[in-house]
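Peer 1: Below you'll find the structure I mean.
The values are calculated or read from the model by the stated rules, or taken from the named source; none is laboratory data. Because the structure is a prediction, the values reported are computed rather than measured. Reconstructed Cβ throughout: ideal geometry from the backbone, glycine too, with neighbour counts over all protein chains shown. Please note that ligands, DNA and RNA were not included when accessible areas were found on the heavy atoms of the full protein model with its side chains. Shrake-Rupley method; radii C 1.70, N 1.55, O 1.52, S 1.80 Å.
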Amino acid sequence: MLQLAELPLLAHVAWTRRQSRRVRGEREALSALCAQLLEHWFGAGRALLPLVSLRPGDGRTTLAGELAQRFAAMGERTLLIDADLRAPSLHARFGLPNRRGLADLLDGRDVQLAAARQNLAFLAAGAVREDPLELLSRERLRHFLAAAARPFRVVLIDTPAAERGPDLEMFAAIAKGALLVVRPGEDATCLARLRARLTRCAAVTVATVFSHR
């Protein structure tokens, strides 16, 4: 079997949102990516997969929403978590309020999963009253993700951009892997540093998706 980081379909996925003539190609690429992830990542008994990127605007959040909807449409019970406590935006994409979310849970308050689509549950970022990194350092995060992995086949986590801090590393370390979203033409040195950060977390780069935006 190919190693996860060497899967050819995962290493060379190109994704676009703007050019209508490429919509069919986008759908095919997303379907292929989902199939590969189900077979080689989620199929190995894993449920958690953080999405990471270098900078805001790399397409990470949009891709997280698209993948979550695609998995749900395939009949997979899916949970999408907005873990970008610094600049949450996923709730707006689904027309949902940003309340009773991850930050509230980590601070010991009640939370509520929202039904975004059939087979798709969503947890907003919630109200951040403390330092985001301090919140994510609490043991509640690990306990919650372990609990979420039981009823859901797929748990996708949208993390803050790498340049905003080490938040993504908390999720990569727990999941032992991450999907890397890259803007074509990105600086190779910066990408190498991000990959090194994942390696230090004992996390593999499960897939690299090139986002044409």
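Peer 1: Within region 150-169, which residues are among the small types (Gly, Ala, Ser) and either in contact with a strand residue (DSSP E or B) (Cβ under 6 Å, 6 or more places away or on another chain) or at pLDDT below 95 (or both)?
Peer 2: Our first condition is that a residue be among the small types (Gly, Ala, Ser); within region 150-169, this holds for 161-162, 165.
Residues satisfying the conditions are Ala161, Gly165.
Peer 1: Follow-up question, since we're still on this one. Only one of (1) closer than 30 Å to Gly185 by Cα; (2) open to solvent by less than 40 Å² (accessible area, probe 1.4 Å); (3) touching a residue at least 60 places away in the same chain (Cβ under 8 Å) is not met by Pro56, so which one is it?
Peer 2: So the condition that Pro56 fails would be (2).
Peer 1: Take the residues of region 33-53 that are among the small types (Gly, Ala, Ser) and open to solvent by 30 Å² or more (accessible area, probe 1.4 Å): which is farthest from Arg197 (Cα to Cα)? Give the derivation first.
Peer 2: Going through region 33-53, the residues among the small types (Gly, Ala, Ser) turn out to be 35, 43-45, 47, 53.
Keeping just the survivors that are open to solvent by 30 Å² or more (accessible area, probe 1.4 Å) gives 35, 43-45.
Values: Ala35: 27, Gly43: 25, Ala44: 24, Gly45: 24 Å.
Only one residue tops the list, namely Ala35.
Peer 1: Let me ask you something else. Could we say that Phe122 is under 19 Å from Gly177 (Cβ atoms), modelled with pLDDT of 95 or more and surrounded by 15 or more Cβ atoms within 10 Å (Cβ to Cβ) here? Walk me through it before giving the result.
Peer 2: On the way: under 19 Å from Gly177 (Cβ atoms): no; modelled with pLDDT of 95 or more: yes; surrounded by 15 or more Cβ atoms within 10 Å (Cβ to Cβ): yes.
Spelling it out, it is not the case that Phe122 is under 19 Å from Gly177 (Cβ atoms), modelled with pLDDT of 95 or more and surrounded by 15 or more Cβ atoms within 10 Å (Cβ to Cβ).
Peer 1: Which numbered condition trips up Arg153, out of (1) open to solvent by less than 10 Å² (accessible area, probe 1.4 Å); (2) under 25 Å from Ala32 (Cα atoms)?
Peer 2: Unmet for Arg153, out of (1) open to solvent by less than 10 Å² (accessible area, probe 1.4 Å); (2) under 25 Å from Ala32 (Cα atoms): (1).
Peer 1: Another one. Looking at this structure, is Leu136 over 15 Å from the mean Cα position of the chain (by Cα), touching a residue at least 12 places away in the same chain (Cβ under 8 Å) and buried (at least 17 other Cβ atoms within 10 Å of the Cβ)?
Peer 2: Numbers: over 15 Å from the mean Cα position of the chain (by Cα): yes; touching a residue at least 12 places away in the same chain (Cβ under 8 Å): yes; buried (at least 17 other Cβ atoms within 10 Å of the Cβ): yes.
The answer is yes for Leu136.
Peer 1: Determine, yes or no, whether Asp104 is over 18 Å from Pro166 (Cα atoms), acidic (Asp, Glu) and surrounded by fewer than 14 Cβ atoms within 10 Å (Cβ to Cβ). Break it down stepwise before answering.
Peer 2: Working: over 18 Å from Pro166 (Cα atoms): yes; acidic (Asp, Glu): yes; surrounded by fewer than 14 Cβ atoms within 10 Å (Cβ to Cβ): no.
Judged against the criteria, Asp104 is not a match.
Peer 1: Okay, moving on. I'm trying to understand the selection: among the residues of region 139-150, which are under 17 Å from the mean Cα position of the chain (by Cα) and open to solvent by 80 Å² or more (accessible area, probe 1.4 Å)?
Peer 2: Just the residues of region 139-150 that are under 17 Å from the mean Cα position of the chain (by Cα), to begin with: 141-142, 144-146, 148-149.
The answer is Arg142, and nothing else.
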